[in-house]
1. Which ones in segment 113-129 are modelled with pLDDT of 95 or more and within 14 Å of THR92 (Cβ to Cβ)?
2. Just to be sure before I move on: is LEU158 in the same structural domain as LEU218 (by TED's automatic domain parsing), assigned to a helix (DSSP H, G or I) and closer than 29 Å to THR216 by Cβ in the structure I sent?
3. Kindly indicate whether ALA222 is in contact (Cβ under 8 Å) with a residue 60 or more places away in the chain and closer than 27 Å to LEU17 by Cβ.
4. Can you pull out the residues in segment 53-75 that are in a loop (DSSP other than H, G, I, E, B) and either of a type in the set (Ser, Thr, Tyr) or touching an Asp or Glu at 6+ places or on another chain (Cβ under 9 Å) (or both)?
5. Let me spell it out: the conditions are (1) at pLDDT below 95; (2) buried (at least 18 other Cβ atoms within 10 Å of the Cβ); (3) within 27 Å of ALA366 (Cβ to Cβ), and ALA240 meets all of them except one. Which number is the exception?
6. Only one of GLY220, GLY296 is surrounded by 16 or more Cβ atoms within 10 Å (Cβ to Cβ), under 30 Å from GLN87 (Cα atoms), among the small types (Gly, Ala, Ser) and modelled with pLDDT under 95. Can you tell me which?
7. Restricting to segment 102-149, give me the number of residues that are surrounded by 20 or more Cβ atoms within 10 Å (Cβ to Cβ) and either in a loop (DSSP other than H, G, I, E, B) or of a type in the set (Ser, Thr, Tyr) (or both).
8. Within segment 36-57, is even one residue crowded, with 22+ Cβ neighbours inside 10 Å and assigned by TED's automatic domain parsing to the domain that holds ILE171?
Amino acid sequence: MGAINGEWIYSLFCQRLAAGWLVDRDNHAVIDLAERKLAEFIEFKPNFIAIATPDPIEFIASLMAGVRLGMPIFLVNPNWGMLEREQFTRLTALVDPDRHRETISIPTGGSSGEIKFALHTWETLTASVSGFQEFYGVDEIYSVCTLPLYHVSGFMQLWRSVLTNGKLFIIDFHQLCRDGVNAIEGNEERYFLSLVPTQLAKLLDLDARWLTRFQTILIGGAPPEIELLNRARTAKLPLALTYGMTETASQIASLKPKEFLAGYNSCGYVLPHAEIQSIAASDCDTEATSGANIVGEIRIAAKSLMLGYFPNLQPITYFEPDDIGSFDRDGNLTILGRNSDKIITGGENVFPIEVANAIMATGLVADAWVIGTPDRYWGQVVTALYVANSLPVSADILANAIVGKISKYKIPKRWICVDRIPRNTLGKILTQELAKLAGYE
């Protein structure tokens, strides 16, 4: 591999496109458009490039031209509304074309809904690819991409495939549901398919048996429910449950398909380019420990770790993503949930995902999630919001159905039937909207 700079990356894209890197697309049209974009950027000399298009051809061409000139690049959700675009305008006023040269900023949502950008370099993104290659034991990475290219989960599929001389098949998810993968029929065993849990559930509902032909189906974006994993296992799907985020340039831990099919539901093992610790504070809160079976806050160090949030350019040593997890003695990582989502009721800690999984496992509801709501006596009470199946079900029946499945203090004291559980496009729970449904803001 040559030096990772704009000229080298542009040349690499051109080579791959000339060899038919994009499946079922006009590869030469991308090169032609990239050359026109390059001339446009040279003429108008913008301080940065914002790529805000749903069109993959225009996205890749703009990326190539911006990279060739070493310009700061921002990936932008084309569906942002006025408020998000105003935030973006304020942030990009801080761009320094020299200091931010050859960086790529990938959007991620903040805890209170504000837009933040994880500031990466091509070195951090490439470290993620190298770790992926080593962990899965592949040289050339072939990907079927149904996820947005402006999101880290979609963008890294692009970078993995172009960097490793693989192939990239970009397909709209609705088209995938309708037509399957006819364009790569017969070669599915070479491809990784990346899905979020809601997409997996939809494909299972459609009885998409062709999913079994993939090398690996990567699942990320949000924690999958146990019932969904059991359905996938029954269908013998080669799932790899992953843990990662925008800040780490996608996955840093993964459970391989063989382990998933054997009955494991953890996030698996840490990838070679990363280190993850579960840090538990001592009773006096003056030191921290880490090790097997310790439940604590997740701390990450990785070669793929962002420099920081834009406009920060000082590399950070480690990152704490507000996740709670633990390792077993074999090194398997389990993520229990967000520390900030943790419910403290009567002095006991309750993690929503455990309770939600228990409720879903009853088969009595179509969807469910759990939050903590204020209570004068308990501090917080465990509150379940659920979507009824076609047949209505009472709170007493639901509560009795999970007795003995989880500890008594984890059983919800409040049950609220709702029309839907609010989620974003990646399947992540929108907790603020959920709190409104429960009558709290």
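1. Step one: list which residues in segment 113-129 are modelled with pLDDT of 95 or more, which gives 117-129.
Selection gives PHE117, LEU119.
2. On the way: in the same structural domain as LEU218 (by TED's automatic domain parsing): yes; assigned to a helix (DSSP H, G or I): yes; closer than 29 Å to THR216 by Cβ: yes.
Considered against the rule, which asks whether it is in the same structural domain as LEU218 (by TED's automatic domain parsing), assigned to a helix (DSSP H, G or I) and closer than 29 Å to THR216 by Cβ, LEU158 comes out as yes.
3. Considered against the rule, which asks whether it is in contact (Cβ under 8 Å) with a residue 60 or more places away in the chain and closer than 27 Å to LEU17 by Cβ, ALA222 comes out as no.
4. As a first pass, look at segment 53-75 and keep what is in a loop (DSSP other than H, G, I, E, B): 53-55, 69-72.
Residues satisfying the conditions are THR53, GLY70, MET71, PRO72.
5. For ALA240, the failing item is (1).
6. Working: GLY296 fails: under 30 Å from GLN87 (Cα atoms).
Every option except GLY220 fails the conditions.
7. Result for segment 102-149: 11.
8. Residues of segment 36-57 that are crowded, with 22+ Cβ neighbours inside 10 Å, as a first pass: none.
Scanning segment 36-57, I find no residue that is crowded, with 22+ Cβ neighbours inside 10 Å and assigned by TED's automatic domain parsing to the domain that holds ILE171, so the answer is no.
The values are calculated or read from the model by the stated rules, or taken from the named source; none is laboratory data. Nothing here was measured: the structure is a model prediction, and the numbers come from that model. Neighbour counts run over all protein chains shown; Cβ positions are idealised from the backbone, glycine included.
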